[in-house]
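Bear in mind these aren't lab numbers, they're just calculated from the coordinates by the rules spelled out. Worth saying up front: this structure is predicted, and the values here are computed from it rather than measured. Don't worry about glycine lacking a Cβ; one is built from the backbone with ideal geometry, like all the others, and counts go over all protein chains shown.
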Amino acid sequence: MNILILGGGGREHALAWAVMQNPKCDKLIVAPGNAGIAQIAECATLDIEDGERVVDFCNVNAITFVIIGPEAPLAAGVTDALEAANILVFGPSKAAAELEASKSFTKEICDAAEAPTAAYARFTEAGPARDYIREQGAPIVVKADGLAAGKGVIVAMDEAEALAAIDDMFGGEFGAAGAEVVIEEFMEGEEGSLFVLSDGETLLPIGTAQDHKRVGDGDTGPNTGGMGAYSPAPVLTDAVVQKAMDEIIAPTMRVMAERGTPYRGVLYAGLMIKDGQPRLVEYNVRFGDPECQVLMMRLGAQALDLMLACAERRLEGRRVNWADDHAMTVVMAAKGYPGAYEKGSVISGLDDIEETSRQMVFHAGTREREGRITAAGGRVLNVTARGDSLREARDRAYAMIERIDWPEGFNRSDIGWRAL
Ligand code: AMP
Ligand code: GLY
């Protein structure tokens, strides 16, 4: 079959890499792709948030299956447009994607599902929000309601910080995403991410991961899109996963189906675990980036079979064939990220790294210029490895980094510290 992947980050490189290993894939196009993806698949220019254009592109290129990587095309209804045109698609509908696009929507669904999550209140005006913060005290969490590229969440350790966050959000710092604000109870515990496929009826957990959101070693500095990840996440034991499935995921999916907006695709549940009890932090309606890179490294070619089964609504009876392995990815970012950074610096040494089913350098923001790989984004490379133990995966990933010559880049040196 001919397959189209939408997106152009490390997540999509990992998806493309896994898909290409499966003989069911005859041809793969990725839009827009990046320099690493271009080494294994065809890249195309396409407005990936415009459903009609994506449908036209599929018709012209005889595409029969579309995998949507990022949240923006999902929130824009690209799945709905493809389904209306009878093109098979992996990714939830616009209505189901509200689970990520709106935090207040998710809270309503959690209430209906009686899923354990942080207590909360919603505000559309600064005055009552400030009063609520003073009443509740700190630590407390302030969130812009809409999509804010992971930057709309302030975990305030004192009241002044929380009040400043309210001023920023209602002051327009987050644009339309900040028109409504959700204020949440601060949950203590250890975080983990659970990835579950849903075809609308059947659920299949396909792995766990833990990421590192802070830019600096020791989990210090500002939040980023993620500086590294590993799978599996030790905090998500089988018992905790079972509890999360029974108490959080399955009831959420039931409520989504009952309201006429069944969820199909991968659901990424961010969980806070304390004393063996998981509570929901947030849902995302896509694979995490860079969590996807470690999941794909572990799943390999079967990832395509699983995504196809999900899209074709035949997940029932399917299983994941797990090797007893571990994977880690370390993000290399441009100096300055998550603040301002330069683009265009040259990265060398990549050609000397052997890429196998146990180690891969997935590209995020890269561009080829005159035969050389250059940095074209904040997060640039995802150095990913698999091993029989997390330590082995880590050692292999950091050994690859040693061979990459990119003075304008940096990486954390302690990915996995919590688990190791
Ligand atoms: P989110 O974008 O909702 O995942 O939030 C980003 C990060 O903020 C999460 O990964 C958590 O580390 C933290 N966070 C969000 N909500 C809470 C909460 N209620 N209690 C504690 N930490 C939270
Ligand atoms: N790594 C966090 C995310 O993809 O949302």
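How high is the relative contact order of the range 67-128, in percent, with contacts defined as C-alpha pairs under 8 Å that are six or more residues apart? If you can, show how the numbers build up before the last one.
Values: 45 pairs, mean separation 15.4, N = 62.
25 percent.
Kindly identify the range 244-295 as rounded, prolate or oblate by the Cα gyration tensor criterion: order the square roots of the eigenvalues as a ≥ b ≥ c, call it rounded if a/c is under 1.5, otherwise compare a/b with b/c, prolate if a/b is larger, else oblate. Intermediate results must be reported in sequence, preceding the final value.
Working: a/c = 2.68, a/b = 1.15, b/c = 2.34.
In terms of gyration-tensor shape, oblate.
Give me the dipole magnitude in Debye, nearest 20, for the range 32-87 about the Cα centre, with unit charges on the beta carbon: positive for Lys and Arg, negative for Asp and Glu. Kindly include the intermediate steps, with their values, before the conclusion.
Details: 1 positive and 9 negative charges, 42 e Å.
That gives a dipole near 200 debye.
Quick check on the chain: take the gyration tensor over C-alpha atoms, sort the square-rooted eigenvalues as a ≥ b ≥ c, and tell me if it's rounded (a/c under 1.5), prolate or oblate. If you can, show how the numbers build up before the last one.
Numbers: a/c = 1.42, a/b = 1.20, b/c = 1.19.
In terms of gyration-tensor shape, rounded.
Mind jotting down the distance between the C-alpha centroids of the range 48-105 and the range 301-319, whole Å?
18
Would you work out which of P70, T45, G371 lies farthest towards the positive end of the dipole of the chain, given +1 charges on the beta-carbon of Lys and Arg and -1 on that of Asp and Glu, about the Cα centre?
About the Cα centre, the residue reaching furthest to the positive side is G371.
Highest mean first, how do 336-345, 296-305 rank when packing is the count of other Cβ atoms within 10 Å averaged over residues?
Final packing ranking: 296-305, 336-345.
Using the structure shown, list the pairs from K94/K343; K213/K243; K143/K243; K94/K243; K94/K274; K107/K274 with a Cα-Cα distance above 23 Å, or answer none. Before the final figure, lay out each step's value.
Working: K94/K343 33 Å; K213/K243 25 Å; K143/K243 26 Å; K94/K243 28 Å; K94/K274 33 Å; K107/K274 20 Å.
Going by Cα-Cα distance, K94/K343; K213/K243; K143/K243; K94/K243; K94/K274 fall outside the 23 Å limit.
Let a ≥ b ≥ c be the square roots of the eigenvalues of the Cα gyration tensor of the range 202-337; is it rounded (a/c under 1.5), or, if not, prolate (a/b larger than b/c) or oblate? Let's see the in-between values first.
Values: a/c = 1.73, a/b = 1.44, b/c = 1.20.
Taking the square roots of the gyration eigenvalues as a ≥ b ≥ c, the range 202-337 is prolate.
Placing unit charges on C-beta atoms (Lys and Arg positive, Asp and Glu negative, everything else neutral), compute the dipole magnitude of the chain about its Cα centre in debye, rounded to 20. Intermediate values should be presented prior to the final figure.
Numbers: 40 positive and 64 negative charges, 159 e Å.
The dipole magnitude comes to about 760 debye.
Rounded to the nearest 500, what is the chain's calculated 222 nm mean residue ellipticity when only DSSP H runs of at least 4 contribute -39500 (n - 2.57) each, over all residues? Provide the component values of the computation, followed by the final result.
Details: 13 runs with 119 residues, N = 420.
Using -39500 (n - 2.57) per qualifying helix, the result is -8000 deg cm²/dmol.
Return the distance in nm (one decimal) between the two label points of a simple spin-label model at R214 and M1, each offset 7 Å from Cα along Cα→Cβ.
Those two pseudo-labels are separated by 4.3 nm.
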